[in-house]
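Taking it in order: structure first as structure tokens, then the write-up.
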Amino acid sequence: MSSAPNQRATRPLYVLTILTGSFLLFLIQPMVARMALPRLGGAPNVWNSAMLVYQALLLGGYYYAHRLSQLPLKRQAQIHLALFALAALTLPVGLVNLSPARAGTEVLWVPALLALSIGPVFFVVSAQAPLMQRWFAADPQAGAPWALYAASNLGSFGGLIAYPLLAEPLLPLRYQSWAWTAGYGLLFVLIALTARTRWHMAEAPRAEQVTSAPVPRRRIALWLVLAAVPSGLMLSTTTHLTTDLFAMPLLWVIPLGIYLLSFSVAFADNRTPARIVSALAWVMILTAGTLAMIARGSQGLLPVIASVALLFFVCTALHARMYDLRPGPDRLTLFYLTMSAGGALGGVFTALLAPVLFDWVWEHPMLVLAAAALLPREALPDWRRLPGLEPEMVRLGIAMLLGIAGLCLWQIHDVTIWQESEHLRLPWGAALALIGLALVPWRALVLPLLLGAMLVQGGLETVQNSRDHIRTRSYFGINTVRDYPEQRLRTLAHGTTLHGEQSTDPKRAREPLTYYGPGSGVAIAYASAPILFGPNARMAVLGLGTGTLACFAKPGQDWTIFEIDPAVLAYSQNGTFTFLRNCTPAARIELGDARLALAKAAPGSFDMLAMDAFSSDSVPMHLFTHEAFGVYLRALSPKGVILVHISNRFIDLEPPLAAALQARGLHAMVRDDYPDPESELTPSSFVAVSRDPQQLNLIAQSAPDKEWRPLVKPAARIWTDDHASILSYVQWRNFLGAPQ
């Protein structure tokens, strides 16, 4: 059937509608996660929990679009616009007033908070991409709708990138919320215009009547898996980036942005880029993929780039294969519904099941192997078909390749063990990758080869660590305890960052190590506590770690320690680290986010408050805002002192901290400690803060040989719960080779 020109939507209108909806959909994700940080403690898993909610809502939206598309077009438009208007009653975007989570329930509480806060608008906006494509395809003269999905993902990618680069640095959260609301109104108008172009088609014989054959269940299952693996891999990559670096939208959106960008390549009308990327995906999985089991932190930016590149090539290749298996346009909503269900399954596995099932990020190498099992073999030329090549020669070639592969694996393992000629791993790894490429026609041989490469590149140590039960995984990350018998030392690492040490020599069991040596700012300040506050000082610590600070306690003092991670507290309770048991056994332990707990404390409850709450290598941003310092000052006595640990590899925390202190009229000084590199101590920077400058003078005079300095120039803008951005303070040079 042919439609009149004024009844048929033009492609630009549909593209604009889909772009706008997808832009809004993926702009709201980091925005709401950013709103939630002050309530959620800044844990890296907050983003994975958020992604799980988004995928579930997306699945619901796609199911709604699938069922709605079975109605006449006019009826579809009426229902969709009515629901759009109804969901608008929940705007502007904001968080619902949900009671704080009890310790250990964060994995369920976070999704509940996000779903209740943005569920209605996210649901209806998520349906617009498949629904608009269905309306577009309803006109036989409109053309194939699949390229519109590429446009949808370009819009999604634009929304993600716009948030950390534009929205977060330029606009407070309340203005971001109102801007998003205005965009929602624009989308409503655009959908109404597209509905108008199809309004009269509903009365004609149904152009959308199913004509193609039913899709086999086996193909639907394959769609499901092809969607689940990239989704899970995206989240496992996110876990790595945010655990070792910083819990912030800038890093949260990188893997998701790469994931969305892959759809734009995979679903494009021009298939050449997708075919090229699919071929290169084999190269990436046999090079960068072999590093997927390395548990020890790597130096520099190269491993991060390799991880992100692997994600892009694998996602594009698998999504391109899914596109090649697409059904007819009349089955469009079923296709997208299955794709969304697969994405949600990947999210459930990575965000919910994996943290419970595994002590480490084992889901990451598992998903890399699953991707290798799904990559299209036809993406690479099949050398078996070379003219004149006999089957006997093929079998001989395979045997020779396997023999050389065994030699490569042995050599890489040898180099990995001794680490004396680690540069030799590169040529042996390259040779192994070339052999793997030659064996691609025999997938059953490539998978064991890839697994073997993962193991010899460092995976054997990771397996051994799991066997020895040295790691504990919780909602807040992966903690690793290592013993070094020769040095008589035990260490605690969160992700790949050292969080404390204790000597296993009973004579030194109370000795503070790492950041807390005798020259550190915290050691000097704690030693002066009796001078500042008398013998009965009330001490508080934000962040337990190994419990080192507990051994600065003196008789008569009252200690309270705030810790968000039950797994970290368990180390002090079960005797893994004995600082707390040996030095302050009567200390009160408050389990939960320190800022939320301090907000409930009586005014003036503490004389000295040490802020040592690390999230891997960084202090969570929500602990550095103007409102956060208001909470601390309320809980602090009039002459109290706050000690802020600002040691950080990637973020210069001093300028925003200086701005926050200046805004509160506080006085501060910094102690930079650089101990002997041969010692068991670590460089540190602590800031002493007080309302009373005389208190700081007394601290400085208590150790006149330990120099303190004033803070650097404050940042131009203070961080608030409503507006904070770290872009200006990222120390990019350290990404090229950060010390561990």
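Numbers for the structure displayed
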quantity: Search result, residues across region 35-49 that are at pLDDT below 80 and in a helix (DSSP H, G or I); calculated: Ala36, Leu37, Pro38, Arg39, Leu40, Asn45, Val46, Trp47, Asn48, Ser49
quantity: Qualifying residue in region 506-522 (condition: over 30 Å from Ala295 (Cα atoms), crowded, with 20+ Cβ neighbours inside 10 Å and out of contact with any strand residue (DSSP E or B) (no Cβ under 7 Å at 6 or more places or on another chain)); calculated: no
quantity: Residue in region 227-244 that is modelled with pLDDT under 90, acidic (Asp, Glu) and part of a helix (DSSP H, G or I) present; calculated: yes
quantity: Conditions (1) touching a residue at least 40 places away in the same chain (Cβ under 8 Å); (2) surrounded by 21 or more Cβ atoms within 10 Å (Cβ to Cβ): number failed by Ile561; calculated: (1)
quantity: Qualifying position, being assigned to a loop (DSSP other than H, G, I, E, B), surrounded by fewer than 24 Cβ atoms within 10 Å (Cβ to Cβ) and touching a Ser or Thr at 6+ places or on another chain (Cβ under 8 Å), among Ala295, Ala268; calculated: Ala295
quantity: Near pairs, Cβ below 9 angstrom, 6+ apart or cross-chain, from region 47-63 (free of Cβ contacts under 8 Å to residues at least 12 places away in the same chain) to any residue that is crowded, with 24+ Cβ neighbours inside 10 Å and part of a helix (DSSP H, G or I); calculated: none
quantity: Residue in region 554-563 that is of a type in the set (A, V, I, L, M, F, W, C), under 30 Å from the mean Cα position of the chain (by Cα) and closer than 21 Å to Arg588 by Cβ present; calculated: yes
quantity: Residues (in a loop (DSSP other than H, G, I, E, B), of a type in the set (A, V, I, L, M, F, W, C) and within 23 Å of the chain's Cα centre (by Cα)) located in region 456-488; calculated: Phe476
quantity: Tabulated pairs, region 651-668, first at pLDDT 95 or above, second acidic (Asp, Glu) and in a loop (DSSP other than H, G, I, E, B), C-beta under 8 angstrom, 6+ apart or interchain; calculated: His667/Asp692
quantity: Filter result for the condition that a residue is of a type in the set (Asp, Glu) and either touching a Pro at 6+ places or on another chain (Cβ under 6 Å) or buried (at least 20 other Cβ atoms within 10 Å of the Cβ) (or both), over Glu501, Glu461; calculated: Glu501
quantity: Candidate set: region 315-341, residues that are farther than 23 Å from Leu369 by Cβ and not in a helix (DSSP H, G or I); chosen: the one farthest from the chain's Cα centre (by Cα); calculated: Gly328
quantity: Subset of region 488-522 [more than 24 Å from Ser647 (Cα to Cα) and in contact (Cβ under 8 Å) with a residue 40 or more places away in the chain]; calculated: Ala509
quantity: Matching entry among Arg595, Arg671, Arg581 (being part of a helix (DSSP H, G or I) and either acidic (Asp, Glu) or under 20 Å from Ala523 (Cα atoms) (or both)); calculated: Arg581
quantity: Qualifying residue in region 254-264 (condition: touching a Gly at 6+ places or on another chain (Cβ under 7 Å), within 22 Å of His494 (Cα to Cα), modelled with pLDDT of 85 or more and not small (Gly, Ala, Ser)); calculated: no
quantity: Criterion: surrounded by fewer than 24 Cβ atoms within 10 Å (Cβ to Cβ), modelled with pLDDT under 85 and part of a helix (DSSP H, G or I) - qualifying residue of Leu108, Leu166, Leu160; calculated: Leu108
quantity: Any chance Leu357 is within 19 Å of Ala295 (Cα to Cα) and of a type in the set (A, V, I, L, M); calculated: yes
quantity: Any hit, region 636-658, residues being of a type in the set (Gly, Ala, Ser), surrounded by fewer than 21 Cβ atoms within 10 Å (Cβ to Cβ) and under 25 Å from the mean Cα position of the chain (by Cα); calculated: yes
quantity: Contacts under 9 angstrom Cβ, first residue in region 533-545 being assigned by TED's automatic domain parsing to the domain that holds Phe629 and at negative phi, partner assigned to a helix (DSSP H, G or I) and of a type in the set (Val, Ile, Thr), 6 or more apart; calculated: Leu544/Val568
quantity: Index of the failed condition, Arg488 passing every other in (1) in contact with a Gly (Cβ under 9 Å, 6 or more places away or on another chain); (2) at positive phi; calculated: (1)
quantity: Residues located in region 130-157, provided they are of a type in the set (S, T, N, Q) and either buried (at least 23 other Cβ atoms within 10 Å of the Cβ) or not assigned by TED's automatic domain parsing to the domain that holds Thr194 (or both); calculated: Gln133, Ser152, Asn153, Ser156
quantity: Meets criteria (at pLDDT below 95, under 24 Å from Ala700 (Cβ atoms), surrounded by 16 or more Cβ atoms within 10 Å (Cβ to Cβ) and β-branched (Val, Ile, Thr)) for Val619; calculated: yes
quantity: Any hit, region 531-549, residues being part of a helix (DSSP H, G or I) and farther than 19 Å from Leu696 by Cα; calculated: yes
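Listed here are the residues, each with its yes/no results for (1) part of a loop (DSSP other than H, G, I, E, B); (2) over 19 Å from Gly521 (Cβ atoms).
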site	(1), (2)
Glu627	no, yes
Tyr632	no, no
Pro638	no, yes
Val641	no, no
Asn648	yes, no
Pro655	no, no
Ala659	no, yes
Gln662	no, yes
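The values are calculated or read from the model by the stated rules, or taken from the named source; none is laboratory data. Bear in mind the structure is a predicted one, so any value in this text is a computation, not a measurement. Note that each Cβ is placed from the backbone with ideal geometry, even for glycine, and that neighbours are counted across all protein chains shown.
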